[in-house]
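> Sending over a structure as structure tokens; questions will come in a sec.
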Amino acid sequence: EYSYTLREALHTRSFWLLTMAFSFALMSMNSWQPSWVPYLTNAGFSLRVASSSILVFGVFSFSGRFVWGPAAQRFPPNRLILAQLGTTTTALLVLLSISNVPLLYVWSMIYGVSTGGFWLLQPLTLANYFGARNLGAIRGFNQPFLAIASGIAPISAAVLFDAADSYVGVMAFAASAAAVGGTLGFMSRPPKAPKVETPAPADGEPH
């Protein structure tokens, strides 16, 4: 396994595609999740049901890592990113039409499994693409971009809600961010490791 230095990783297209993909993924999650309970109560669900759906989501978000872990051993990371964020996009759009409690809980399970994949695929993909030796430095450079996206997301959602007095725009924003993230993640490919030249043997040494 070739381990990229931070400088080498920054000169690859894959690093920036993954950074943007993960940033849009976090923008999707952090734009609407702070309004989870208000959205559901506004849609006609009780406060108890809305709160318990978050519990269901949390349980399956953790459990989802046992789904994405084995999948990561069989499929390329960029395809898994597309699958994870594609599922998230679809789930967010479907949520707009859910009006009964059983379907809401099923939805929370699916969305939880999907979201749980993000927290596994993010470090796993970086390690797969750039090696493990300098992963801390590479992730350290990657994280501020994700933090900025996380901070922008709830502010953008608040502006959208205030403009329309509706969560439809917020959900559309979250779904669009997930779709863009999935596309960018799929476009990334493992970078080609630099060729390391082997010094030629000196005269008289066996080849």
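> For the chain, modelled as a GNM with alpha-carbon contacts under 10 angstrom, which of M171, M187, M27 fluctuates the most?
Among M171, M187, M27, the largest GNM mean-square fluctuation belongs to M187.
> Please name whichever of S35, T183, F62 sits farthest to the positive end of the charge dipole of the chain, dipole taken about the Cα centre and charges placed at Cβ: Lys and Arg +1, Asp and Glu -1.
F62
> For region 1-151, list log₁₀ I(q)/I(0) at each q in 0.13, 0.19 Å⁻¹, using the Debye formula over Cα point scatterers of equal strength and ignoring solvent, two decimals each.
-0.64, -1.14
> Per-residue accessible area for S14 at 1.4 Å probe radius, Å² rounded to 10?
We get 10 Å² for S14.
> Running a GNM on the chain with Cα contacts under 10 Å, which residue among R133, R79, R189 ends up with the highest mean-square fluctuation?
It is R133.
> Residues of region 125-180: accessible area per residue at 1.4 Å, in Å²?
47 Å²
> When the convex hull of the C-alpha atoms of region 72-207 is computed, what volume per residue in Å³ does it have?
Per-residue hull volume (Cα only) is 139 Å³.
> Also: Carbon and sulfur: what percent of the chain's accessible surface (1.4 Å probe)?
With neighbouring chains kept in place, the figure for the chain is 65 percent.
> Continuing with the same structure: Counting only heavy atoms of the protein chains, get the accessible area per residue of region 1-103 (1.4 Å probe) and round it to a whole Å² value.
Value returned for region 1-103: 52 Å² of accessible area per residue.
> Here's another thing I want to ask about it. Please list S63, S53 from largest to smallest accessible area, probe radius 1.4 Å, with all protein chains kept in place.
S63, S53
The values are calculated or read from the model by the stated rules, or taken from the named source; none is laboratory data. All figures in this text were calculated on a predicted structure; none of them were measured in a lab. Virtual Cβ from ideal backbone geometry, glycine too; neighbours counted across all protein chains shown. Calculation scope for accessible area: heavy atoms of the full protein, side chains included, ligands and nucleic acids excluded. Shrake-Rupley method; radii C 1.70, N 1.55, O 1.52, S 1.80 Å.
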